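What follows is one structure encoded as structure tokens, with my remarks underneath.
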């Protein structure tokens, strides 16, 4: 895993890159959160290709369980991907509601993700 650090307005953001899946289970989320706390990150950016498909199928409840961990640890997360192609109405609603909050964001670009994480 490669971590690219961005510091914007005093917020330390870890942008994660990997050849492997980074987020597919609650256990992986907890490990990732621990790693980011160790690296003193305030927030992180993940790309959709590093997240298991089950996360985006809300019926599996994987997204809810994982995002609850981010909420519990108060770690901001931006997920970058092409969400214009989402056909699931429930996932569209979930993305829209998440983007209204202050912890979890879905963004089309890295620049948009970074801006959301420091707002």
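Each value in this text was obtained by applying a stated rule to the coordinates, not by laboratory testing. What you are looking at is a predicted structure, and each value in this text was computed from that prediction instead of being measured. Cβ placement follows ideal geometry from the backbone for every residue including glycine, while neighbour counts extend to all protein chains displayed.
Report the calculated FRET efficiency for residue 73 and residue 108 (r = Cβ-Cβ distance, R0 = 35 Å), to the nearest 0.05.
So, using R0 = 35 Å, E works out to roughly 0.85.
With no solvent and one point per C-alpha, what does the Debye sum give as log10 I(q)/I(0) for the stretch 2-117 at q = 0.17 Å⁻¹? Cα-only, vacuum Debye calculation for the stretch 2-117: -0.79.
With an 8 Å cut-off on Cα pairs and a minimum separation of 6 or more residues, tell me the relative contact order of the stretch 2-117 in percent.
Details: 182 pairs, mean separation 26.3, N = 116.
Averaging sequence separation for qualifying contacts and normalising by length gives 23 percent for the stretch 2-117.
Per-residue ellipticity at 222 nm from helix content only, as computed over the chain with -39500 (n - 2.57) for each DSSP H run of at least four residues, stands at -11000 deg cm²/dmol. Once the Cα atoms are used to define both axes, helix 26-38 deviates from the longest principal axis of the chain by about 20 degrees.
In this simple spin-label approximation, residue 96 and residue 118 carry label points 7 Å from Cα along the Cα→Cβ vector, and these lie 2.9 nm apart.
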